[in-house]
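The values are calculated or read from the model by the stated rules, or taken from the named source; none is laboratory data. Not measured: the values here are computed from a predicted model. FYI the Cβ positions are ideal-geometry reconstructions off the backbone, even for glycines, and counts take in every protein chain you see.
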Amino acid sequence: MFAFIVKRVVQSIFVMIVIAFIGFCIKHQIGDPVRDIVGISVSAEEREALREELGLNDPFMIQFGRFLKNAAQGDLGLSYFFKKPALEVILAKAPATIELVLVSSLFIIIFSIPAGIFAAIRPRHWFSRFMMGTSIVGVSIPVFLTAILLIFVFSVELNWLPSYGRGETVNIGGWQTGFLTIDGLIHLILPGIALSSIMLPLFIRLIRSEMMEVLETDYIKYAWAKGLKPGRIWLLHAFKNTLLPVITVGGVQLGIMIAYTILTETVFQWQGMGFMFLEAVERSDTSLLVAYMVFVGVLFVVVNTVVDIIYGLVNPMVRITGRK
Amino acid sequence: MKRALRRFRASYLFFSFKRDPVAVVSFSILMALVGCSLLAPLISPHDPYDTATIDIMNAEIPPMWMDGGDKSFFLGTDIQGRDLLSTMLYGMRISVLIGIGAVFMQAVLGILIGLISGYVGGRIDSLLMRMADVQLSFSTLMVAIIVSAVFQVAFGVGKYEDMAVPLLIVIIGFAEWPQYARTVRASVLGEKSKEYVEAARVSGFSAIRIMIRHILPNTLSPVLVISTVQVANAVMSEAALSFLGLGMPVTKPSLGSLINSGFEYIFSGSWWITFFPGILLVLLVLVINLLGDWLRDVLNPKLYKG
């Protein structure tokens, strides 16, 4: 087990270095930090001096080494637009995104588990068929369209829920949270639903198919033969073993949700990382863009590694062959 | 030709197609949509690219059947005064073109890598598959968004928009190759140890010939299955990128950029600019997905469980 963890960690460090390298190449190729710092009204000699001072004339690999060293210490460079460390800008925006992801994961868990279990134990019931039918429609509707539709119905037509922003937030030790005010919670509803809409059908289908597989196994038949109550068999015996693959896939999907936060945040003008990223693109803020890329990359790698290790801990079969 | 047609009509694929009403309906809708998009210059009532016929005074006219509607604009007009129906047809043309182009690109890339990885094996195999794993774990949409953002910053918005179609094909194609590579590799591994491959090897054929002439044809049925779903994914990715302003420009809109341009006007009540392109996009993706589902059930290949 120890060897498995070490192997996974070494692998993920390697992946992080590759991400950092790509990020550094982008930074190196596009955008001129000197121009971004001083503007256009500075003479050529002063520029050259500044270049030398910033170490921009050093060989490529030395500059990359410096970039890696700084990145490891949490310094991802200065945002040209905000004139602040890029990591600081990202971390200031992160709570908004994290809360959004949390809320929609909650929605997914609350709705997909009962729906998935029901569809597995009563596959021919009209409600299960209806759910399977709507889930393929759900997969076909892009997130941003769901979001726009929600805004149109609940904000523009019915005027029930707010359509943009985070509402009133409370600052707890630098973490701007919308969980503690009613206004903040109301603002979370629509973006949360929109973000969960793409994953929900996926999870219902996943839980259903895994659960149906488990229900076919011998120990479930034995449990029936023992005359246990159906509820006990479904929830205690079958569902427990369904959870294992669902958790793994779920962990990875949570990472993938970050990509969809960009779309959701754009529609709802949610002041999170995704919104910031698109603003950085519009402003050609290469430094912030690369910092976001490295930050998200590290997030993905950490999530995947943790999920892999947990899976390895629970299921000894994968330790050697790797996760399928 | 006639014999091929007769053979096709007697085949199991056609038999199960006829018996499945969902497949028949979605195939007909898909063909109608693709036909409309191919014939867009002929059948659309206006030419959205012809600036001479566009009048800004016609902007935001509601659909024909509503108050203030104009007979010559069936579904109304968008913010620039273009006929919405014509713009949608032209937009779907671009979406379909990018979808198919991107899938072609990722199929070529993925099949090549999958073949090499599966046939050669060893170090190369584990390196390529690790790359695929890493790229997949980042989610294809994320890769596409970041790559297109970098391209846009690097080229500048104007130049990026000029080259948008080929660039989007390359970006989306590049982002999704691992799907193909894994599927092809999995079936190559299954085929590799079969006797006809051994026979070919004993006959002294080169590795490239065995890979392309012998193994590849036997791996095509899973490729066909994922191709349908991949086209739907590529169309969705293109729409998402265009919606974020990283894809097709508003002057040459795809369905995604039309939705994006209409979104700002939804608050002032002009819902049709977003609504109709949205419906068309969902319909297009949905019928492709339904066909993909049907094809998977019929061909039932051992798909790589990802």
Whether any residue in the stretch A:41-62 is in a helix (DSSP H, G or I), modelled with pLDDT of 75 or more, under 30 Å from A:Gly312 (Cα atoms) and away from every other protein chain (no Cβ under 14 Å) is what I want to check. no
Name the single residue that is modelled with the lowest pLDDT among those in the stretch B:78-101 being buried (at least 24 other Cβ atoms within 10 Å of the Cβ) and not in a helix (DSSP H, G or I). B:Asp78
Scanning for something crowded, with 22+ Cβ neighbours inside 10 Å and at pLDDT 85 or above, does the stretch A:209-220 turn up at least one residue? yes
Test A:Val307 against the stated conditions and say whether it is assigned to a helix (DSSP H, G or I), surrounded by fewer than 20 Cβ atoms within 10 Å (Cβ to Cβ), facing another protein chain (nearest Cβ under 10 Å) and among the aliphatic types (A, V, I, L, M). no
Return a yes/no flag: does the stretch A:278-287 have any residue that is touching a strand residue (DSSP E or B) at 6+ places or on another chain (Cβ under 7 Å) and in a helix (DSSP H, G or I). yes
Report yes if A:Val89 is over 17 Å from the mean Cα position of the chain (by Cα) and either within 14 Å of chain B (Cβ to nearest Cβ) or in a helix (DSSP H, G or I) (or both), otherwise no. yes
Result of the Cβ filter at 7 Å on the stretch A:125-151, keeping first residues that are closer than 12 Å to A:Met199 by Cα and partners that are of a type in the set (Phe, Trp, Tyr), at least 6 apart or interchain, is A:Val143/A:Tyr260
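For B:Leu299, state whether it is closer than 28 Å to B:Ser11 by Cβ and away from every other protein chain (no Cβ under 12 Å). Give the derivation first.
Details: closer than 28 Å to B:Ser11 by Cβ: yes; away from every other protein chain (no Cβ under 12 Å): yes.
Against the criterion (closer than 28 Å to B:Ser11 by Cβ and away from every other protein chain (no Cβ under 12 Å)), B:Leu299 qualifies.
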I'd like to verify a number: residues in the stretch B:202-219 that are surrounded by fewer than 14 Cβ atoms within 10 Å (Cβ to Cβ) and more than 22 Å from B:Ser126 (Cα to Cα), how many? 7
Which of the residues belonging to the stretch B:165-187 are within 24 Å of B:Ile215 (Cα to Cα), crowded, with 24+ Cβ neighbours inside 10 Å and of a type in the set (A, V, I, L, M)? B:Ala181, B:Val184
Go through the stretch B:224-258 and report how many residues are touching a residue at least 60 places away in the same chain (Cβ under 8 Å), of a type in the set (A, V, I, L, M, F, W, C) and within 21 Å of A:Ile136 (Cα to Cα). 11
The correct count of residues that are closer than 30 Å to A:Arg208 by Cα, crowded, with 16+ Cβ neighbours inside 10 Å, away from every other protein chain (no Cβ under 13 Å) and not β-branched (Val, Ile, Thr) in the stretch A:114-171 is 7
Considering each of B:Ile279, B:Ile273 in turn, give the residue that is out of contact with any strand residue (DSSP E or B) (no Cβ under 8 Å at 6 or more places or on another chain), in a helix (DSSP H, G or I) and modelled with pLDDT under 80. B:Ile273
Please name all residue pairs, on different chains or six or more residues apart, with Cβ atoms under 7 Å, provided the first residue is in the stretch A:227-249 and is at negative phi and the second residue is outside any helix (DSSP H, G or I). A:Leu244/A:Asn315
Counting only residues that are touching a residue at least 40 places away in the same chain (Cβ under 8 Å) and out of contact with any Ser or Thr (no Cβ under 8 Å at 6 or more places or on another chain), which one in the stretch A:265-278 is farthest from the other protein chains (Cβ to nearest Cβ)? A:Gln271
Which of the residues spanning the stretch A:141-156 are within 14 Å of B:Ile266 (Cα to Cα) and of a type outside the set (Ser, Thr, Tyr)? A:Phe144, A:Leu145, A:Ala147, A:Ile148, A:Leu149, A:Leu150, A:Ile151, A:Phe152, A:Val153, A:Phe154, A:Val156
Sort out for me the helices (runs of 4 or more DSSP H) sitting completely within the stretch B:141-210 that have 1 or more residues that are within 11 Å of chain A (Cβ to nearest Cβ), in contact with a Phe, Trp or Tyr (Cβ under 6 Å, 6 or more places away or on another chain) and polar (S, T, N, Q). none
Subset of the stretch A:280-304 (residues that are within 11 Å of chain B (Cβ to nearest Cβ), surrounded by fewer than 22 Cβ atoms within 10 Å (Cβ to Cβ) and more than 25 Å from A:Leu243 (Cα to Cα)): A:Glu282, A:Arg283, A:Ser284, A:Gly297
Residue ID - surrounded by the fewest Cβ atoms within 10 Å (Cβ to Cβ), chosen from residues in the stretch B:230-264 that are in a loop (DSSP other than H, G, I, E, B) and either in contact with a Phe, Trp or Tyr (Cβ under 6 Å, 6 or more places away or on another chain) or away from chain A (no Cβ under 11 Å) (or both): B:Thr251
Any chance A:Ile182 is away from chain B (no Cβ under 14 Å), within 30 Å of B:Ile273 (Cα to Cα), surrounded by fewer than 18 Cβ atoms within 10 Å (Cβ to Cβ) and of a type in the set (A, V, I, L, M): no
Collect the residues in the stretch B:108-140 that are at the interface with chain A (Cβ under 9 Å from one of its Cβ atoms) and outside any helix (DSSP H, G or I), keeping them in residue-number order. B:Phe138, B:Ser139
